[in-house]
């Protein structure tokens, strides 16, 4: 799915070889996108990095990396789901994997200097809190369990291979296996807008997105069984509509579309402007618990409600409301919207969390610090 998001940035680019790289300072760091076997140079200091795309977020993060590790001859590859190969290898090569929702380990982990990855490499650990307490089974938990089993099948061979490599490294110390570091997804559809004060926002609750990514035929098993994403979002939409009908004094923005990029622009505003005008943003799960929407809402200071989140350094302690089940949505919204002081407090805390944990400069510093630590270690 996410691989297709990059297509509009590739249509005007052609695959290049190392012979066609631009001539730069001998020790200058170099940055590339490597998607669908196409190698595309990325100027992270370009003031016109494409807005409304993951390239802007990670481009700005890598600006910080380049400034912190200036002229050290490092090579950075940004890829979505390439797990088998990179154009080059070495202790000076670092890979950012942005779109692998199957939690896999890359095959080249012992041939590069470091790997930074969105979504992580452990799904079962991320989902454990959804199964507590075990005495409360649900259809959603059954769907998630099936998804976990399916994803485990995709990466089981890689995990076994990784374990064997660890043993080999301990015994013979021939090549080092670098850690895989978690990094945030960042934003995808997010304009640079001035922060609107919470008191002047006219939308109380906001959701703009899809319930399903693909339309399945009626004879398909997936049509009847549904995915965790579809089931969770249908439940969320039903509860949001119920809340809106029972509380007409609150303004609810609910726009549904088909597909990942089906954001709805109104006659007056873009998706980003509508989100900036929202007090509360609902960020339901997609294929995984993590979504771009969460970071887009955080960047704008919205109060964010999610089902649950994995334990990561940029989530732990965040002022994000985790309700566990969308059946609990109504009482949570009622409590928030009838307490302007609480909304304002969460608004400020969310903006602070973005600036101190998740914004481009913080993620860039995190990557640079971990690279320095790795180089000292190895």
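Residue check: residue 258 meets all listed conditions (1) in contact with a helix residue (DSSP H, G or I) (Cβ under 7 Å, 6 or more places away or on another chain); (2) at pLDDT below 95 but one, namely (1).
Modelled with pLDDT under 95 and either assigned to a helix (DSSP H, G or I) or surrounded by fewer than 17 Cβ atoms within 10 Å (Cβ to Cβ) (or both): does that describe residue 368?
Values: modelled with pLDDT under 95: no; either assigned to a helix (DSSP H, G or I) or surrounded by fewer than 17 Cβ atoms within 10 Å (Cβ to Cβ) (or both): yes.
Considered against the rule, which asks whether it is modelled with pLDDT under 95 and either assigned to a helix (DSSP H, G or I) or surrounded by fewer than 17 Cβ atoms within 10 Å (Cβ to Cβ) (or both), residue 368 comes out as no.
Being crowded, with 19+ Cβ neighbours inside 10 Å, closer than 22 Å to residue 179 by Cβ, out of contact with any strand residue (DSSP E or B) (no Cβ under 7 Å at 6 or more places or on another chain) and modelled with pLDDT of 95 or more is the requirement here; does residue 68 meet it? For residue 68, the condition - crowded, with 19+ Cβ neighbours inside 10 Å, closer than 22 Å to residue 179 by Cβ, out of contact with any strand residue (DSSP E or B) (no Cβ under 7 Å at 6 or more places or on another chain) and modelled with pLDDT of 95 or more - is not met.
Checking the structure you have, find out if any residue of the stretch 268-275 is more than 18 Å from the chain's Cα centre (by Cα), at pLDDT below 90 and either part of a helix (DSSP H, G or I) or in the same structural domain as residue 231 (by TED's automatic domain parsing) (or both). Yes; the residues of the stretch 268-275 include at least one that is more than 18 Å from the chain's Cα centre (by Cα), at pLDDT below 90 and either part of a helix (DSSP H, G or I) or in the same structural domain as residue 231 (by TED's automatic domain parsing) (or both).
Only one residue in 295, 314 is touching a residue at least 12 places away in the same chain (Cβ under 8 Å) and not in a loop (DSSP other than H, G, I, E, B). Which one? Steps first, please.
Values: 314 fails: not in a loop (DSSP other than H, G, I, E, B).
After applying the criteria, what remains is 295.
The values are calculated or read from the model by the stated rules, or taken from the named source; none is laboratory data. Every value quoted in this text rests on a predicted model; they were computed, and no experiment measured them. For neighbour counting, all protein chains shown are included, and Cβ atoms are generated from backbone atoms with ideal geometry for every residue, glycine included.
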